[in-house]
Every structure is written in C-alpha cells, then in structure tokens.
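First the structure, in the form of structure tokens, and then the observations on it.
What follows draws every value from the coordinates through simple rules; no lab data is involved. Only a predicted model underlies this, so the values are computations on that prediction, with no experimental measurement involved. Cβ atoms come from the backbone with ideal geometry, glycine included; neighbour counts cover every protein chain shown.
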Amino acid sequence: MFFYSCNADELIAPCNYRYFLNENSYYRGAGFIGSTVIRYLIQNTNDCVINVDKLTYAGNLDSLSTIEGNPRYVFECVDICDYNSLANVFRKHESDAIMHLAAENHVDRSIDGPGTFIQTNLVGTYTLLEVARSYWKQLNAKKQSIFRFHHISTDEVSHPEENPIAHKCLFSEKSSYLPSSPYSASKAGSDHLVHAWYYR
C-alpha cells in the first residue's frame, strides 16, 4: 500500500492529510513507531499528517512535542472502533492515504484478556476499512486512483524460516502464517480482512 504527498508549495487548494490511525498500543501515532514516522514526515517532507489516536496506556503526545503547532500536523483523539467519529475525521480532512498502525500488541496481555485484542485488532480494522471504503466511493475517479490504505502487520503472525547458514530463524513476506497467541491471531485476522477488502 502507498502514500500520496501533499506539497506545501501547492497549498492553493486545501492540504490533503495523511492519516496515521492508531490506538491502544505501542504501534500508534502517539507511540514509539507512529510518532517516529510522523516526526520524520513533518521534518523531512512537505506532507501533511493527521494523527488519529485513542490515547490509552501506551500513548504519549510528548513524543510529538517537537512538531506540536506545525500547521501541517493535526491530532484527533478518536477510537478506530467508533464508525461515526472516524467518518467525521475522513470528511473533515479529506485524506489521500491512510497508514493503519493500530494494534493491541502485548502477547502476555492477549493471553490474559483476548477480548480487547479482538476488539481493536479485528473490529477496529473492520470499522476503519468500512469507513475508508465508504469515503473512497464518494471520491471522483482521479482521487480514487490516488487514494491508498497502508496496513502495518507484525512478524508475530508468521512462522520463521530456518536459515542453516546463519543458524537463526528469519521472517519475510513469504513466511507462512502461524499465529500462536490471541495477539498474533487477531493481527493475522486483520491482515486477512485488509486483503479481502482489496477485492470488495
């Protein structure tokens, strides 16, 4: 999946934001990976970014303090399981692309309480896909061809392939799925949902 840039030199028309839709985890806009990507984009490109995050236990907006106030950065506190609030964000910002990093991601916590993982990783991904599909359908042909949905997975869904030369197990996009916890199973399920929605 891909992105579409918004060049700040071409702001005669409203800026098209990139969505970083995240919640409940380390992999979120206010978490380590999401905030790193957002800071990079704001500091090294002319792209606009809207950060959508529920801000639960792992969220920390302090990680984005260096770009706070930048006119190309917007934060929206929204749960990806909330269809109406998410649809409002899409209508308000008219994005060209989504980067979906949302996930509950602690293996041990998934064993103790798998329901939260099912809700965020599966229901949240489903809700986001439905909102994105509805949004995409109302775009004109040119905007539809540009729009992208970028889903971030995890190596936890895969079975490592043994590399006898390196004496270690390696993962690749070709590794077979073999989830072994509620976390990895819910992420594998979200991967499959995204793949299925591609054909809808």
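Observations on the structure shown:
- Computing FRET efficiency as 1/(1 + (r/R0)^6) for R109 and V74, where r is the C-beta to C-beta distance and R0 is 41 Å, gives about 0.85.
- Ranked for footprinting exposure by Cβ neighbours inside 10 Å, fewest first, T66, T45 give T66, T45.
- Model label zone, S134; criterion: amide N under 14 Å from point 7 Å along Cα-to-beta-carbon; scope the stretch 65-83: 80-83
- When you count the other C-beta atoms within 10 angstrom of each residue and take the mean per peptide, 75-83, 185-193 line up highest first as 185-193, 75-83.
- Stretching T66 away from Q119 to a fully extended chain increases their span by 15.9 nm, per 0.36 nm per residue minus the current alpha-carbon distance.
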